[in-house]
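K.L.:
Have a look at this one before I ask anything.
The values are calculated or read from the model by the stated rules, or taken from the named source; none is laboratory data. Quantities reported herein were computed from a predicted structural model and do not represent experimental measurements. Backbone-built Cβ (ideal geometry, glycine too); neighbour counts: all protein chains shown.
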Amino acid sequence: MANVRRMTRRQDETGQGRVAVVTGGGTGIGRATARALAADGARVLVVGRTAATLERTAAGQQGVRTLVADLTDEDAPERITSAALEAFGRLDVLVHNAAVVLPEPFGAVTREHARLQVETNLLAPVLLTRAALPALAAARGTVVAVGTAAVQGRRAFAGMSLYGATKTALDFLVRTWAVELAPWGVRAVGVAPGETDTGIGERMGWSAADIARYQAEAAARTPSGRVGRPEDVAWWVVRLARPEGAYANGAVVTVDGGASVV
């Protein structure tokens, strides 16, 4: 496909390596996950809306290709699945990482913002998983959903009601997919990161001082004494997706430095 760019000249001639698709792969946890999967021997298709950030993810990485796509486009699920199969011939791991975060008090929620968050954070993973299911079944593959620890347990998420609702629903999908996809030999797991330095503050327009203050406050209420790094979350994605992790199914692993238990 014209919009799939190969980022390495080296070709895996054996065709035996695992293949992963990572959405939202241009920054933060998606970038770290794509690189960690590649370091673990997988060939990876990173998907996102911005070519420049995807290229930075793939720079210097063996076996990583990029695909510019908006997950909310009607043809995106089939286009992403076809791109992975055309590039690598199989699909073993599908990582749903892309998300839109639009903080606002409930009284200020607009139809446009609500639709964008629901379509990106919830509907896109549903439709992409459906499109990829035949390929995942052929490989007895794994679906990994990246949620958030902020919606674990009975806590509220004031100012983030729509975002939190979509991530809560994603956790429910993981549990349900574990049952519904089992007849195809496909399992589903999730990772729920806590406060993680993904660069989202900069992308939301926060000042450096605001980001530093927020992270200091988050670190102070976290038993581990710091906020997470994208690599902390990526490590768990890779391990859960490996064949050795096959008995984990329907589980959502919280990776938040202990913040959710205090």
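K.L.:
Within segment 200-207, is even one residue surrounded by 15 or more Cβ atoms within 10 Å (Cβ to Cβ) and among the basic types (Lys, Arg)?
P.N.:
Checked segment 200-207: no residue is surrounded by 15 or more Cβ atoms within 10 Å (Cβ to Cβ) and among the basic types (Lys, Arg).
K.L.:
Of the conditions (1) more than 20 Å from the chain's Cα centre (by Cα); (2) aliphatic (A, V, I, L, M); (3) in the same structural domain as Pro105 (by TED's automatic domain parsing), Ala212 clears all except one; give me its number.
P.N.:
(3)
K.L.:
Also, quick follow-up: Among the residues of segment 100-116, which ones are of a type in the set (D, E, K, R) and within 16 Å of Ala156 (Cα to Cα)?
P.N.:
Glu104
K.L.:
Sort out for me the helices (runs of 4 or more DSSP H) sitting completely within segment 143-262 that have 1 or more residues that are closer than 30 Å to Gly17 by Cβ and without any contact (Cβ under 8 Å) to a residue 12 or more places away in the chain.
P.N.:
Helices (runs of 4 or more DSSP H) meeting the threshold: 161-180, 230-241.
K.L.:
Which condition does Arg111 not pass, out of (1) out of contact with any His (no Cβ under 9 Å at 6 or more places or on another chain); (2) in contact (Cβ under 8 Å) with a residue 12 or more places away in the chain, if it passes all the others?
P.N.:
So Arg111 meets the others, but not (2).
K.L.:
Considering only segment 61-81, state which residues are closer than 14 Å to Leu127 by Cα and either over 19 Å from the mean Cα position of the chain (by Cα) or not assigned by TED's automatic domain parsing to the domain that holds Gly48 (or both).
P.N.:
Glu74, Asp75
K.L.:
In the set Ala150, Ala135, which member is over 29 Å from Arg79 (Cβ atoms) and assigned by TED's automatic domain parsing to the domain that holds Arg187?
P.N.:
Ala150
K.L.:
Residue check: is Trp177 under 22 Å from Ala251 (Cβ atoms), at pLDDT 85 or above, among the aromatic types (Phe, Trp, Tyr) and surrounded by fewer than 16 Cβ atoms within 10 Å (Cβ to Cβ)?
P.N.:
no
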